[in-house]
1. Compute and list, largest first, the equivalent-ellipsoid semi-axes of segment 35-159 from the alpha carbon gyration tensor, each √(5λ) rounded to a whole angstrom.
2. Quick one: net charge around residue 294, please, counting Lys, Arg +1 and Asp, Glu -1 for every other residue with C-beta under 14 Å from its C-beta.
3. Okay, helix-only estimate at 222 nm for the chain: each DSSP H run of n ≥ 4 adds -39500 (n - 2.57), divide by all residues, round to 500 deg cm²/dmol; what do you get?
4. In debye, nearest 20: dipole of the chain around its Cα centre with unit charges on the Cβ of K, R (+) and D, E (-)?
5. Just the ratio, please: alpha-carbon radius of gyration of segment 309-402 over 2.2 N^0.38 Å, N its number of residues.
6. Specify the residue with the greatest mean-square fluctuation among 263, 93, 176, computed from a Gaussian network of the chain linking alpha-carbon atoms under 10 Å apart.
7. Taking a quarter of the surface of the Cα convex hull of segment 97-207, what do you get in nm²?
8. How much length is gained on full extension from residue 246 to residue 196, taking 0.36 nm per residue of separation minus their Cα-Cα distance?
Amino acid sequence: MLLDGDGAEVDWSVGYRPPAENFQKGLDKMLAGDGTFKALTAAYAKNPKDIATVFGLARKYGDRYDTAKAGEKYKEVIALDPEGKAGAFTHQSYKVTVPYAEFAEFAIARDRASGRNPDLAPLRAFLVKRPQSKLVRQAYESMQYYYAYQAPKDEASKFFEEYASKFPSDPMVLFSWLSRIVRDKEPIDKGVELASKIEEMTEFNPSPNINQLLAQAYALKGDKAKADELYGKTFMEDRVSGLAFSLAAYSAYWLEQSANQESAVAMVETALKLEPENSYIIQQAANAYLKTGQEDKALAVYGSAYAKRNAADATALWQYAGFWTRQGKNLNDALAAAKSAVELMPGVHYLWNSLGQVYEKMKNYPEAIKAAEKAVELAPESAKATFKKNVEKLKTEAQGKK
């Protein structure tokens, strides 16, 4: 609440919605007197028939849940412009733009549908009057709670049949319907039918919250195997792994942009907690530390201790050597890892190539050439030409060094 020097209301803000920058902009607008309750009240006193002003006051009262005063102003809006031609309002959360009068009708009806004794008739009337309104979805959503929790079963079933027919591709509509069925523990077969549809709709990115409900539906049917498939140990482990990789991808993206670096590091650290043994996640964490000037932390997560733990894993050692070679850091450890890798799997050409790359980075061209020539010897015929070019490049660099 913002008050002036006399204690009169200037404006208010209810709740907080990120990002912080946008919230701060809203506070700055208040301080500047831009669109405040005080400014709107003064404008209304001068011209009570200006529909934008009246609508603005209705929204202000609605923002602090003063539905009685908001309703009064919305009724004034409708009386001033019953045809809905005097201007439009864009609702940021709903992402729709509708005439002032149309939104006023909806807002009055929506408020009547809330509370302990909801009256849904106004919303029903709104849908009949405006079947093509951009607010149809919001009208159904406003009735959804009553039918999900309060209405008799037969009424709820009819509503959800209608609701689902309006938005057949929205899994959350079916989710709300299934929630009611699971609470009632019937009709079980309908619940399983809905669960199957929701599973298909959300297959690309299944949600734990959704799958929990699907599992409950199958459990009511007695299908414990399906319930476990949808919401068991494997499912949740996959979610954890998926989240870890998403966090690592987020980190890599913002580090590449040289922005949000603090958040990027924090997120990859969270990924590392979720998947502490995953080599890719470990590398991403080390990369994040290096890009933010924290080489000591990079070495702590992906240094000699890691190489020792994986001393018998040629692939892990190869990746380790390659990572530090690209960084041009920790080269002695990288060399030791590359040597160990070729000792473990001496017949693999790309391991010898990696060893040569470490030597090249260390400017040890004789050893780099030896390793590169071994890579040529072991490489498949289709790749030999490429590796031969690398040998020639190294020989040229060696001559330049002299």
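FYI, it's all coordinate maths here, none of it is from the lab. None of the values given here were measured: they were computed from a predicted structure. Reconstructed Cβ throughout: ideal geometry from the backbone, glycine too, with neighbour counts over all protein chains shown.
1. Its equivalent ellipsoid spans semi-axes of 29, 15, 12 Å.
2. Summing Lys/Arg as +1 and Asp/Glu as -1 gives -1.
3. Result for the chain: -23000 deg cm²/dmol, rounded to the nearest 500.
4. 680 debye
5. Ratio of Rg to 2.2 N^0.38 Å for segment 309-402: 1.02.
6. Evaluated over the chain, the most mobile residue of the options is 93.
7. Across all orientations, segment 97-207 yields a mean hull projection of 7.7 nm².
8. Roughly 15.3 nm would be gained on extension.
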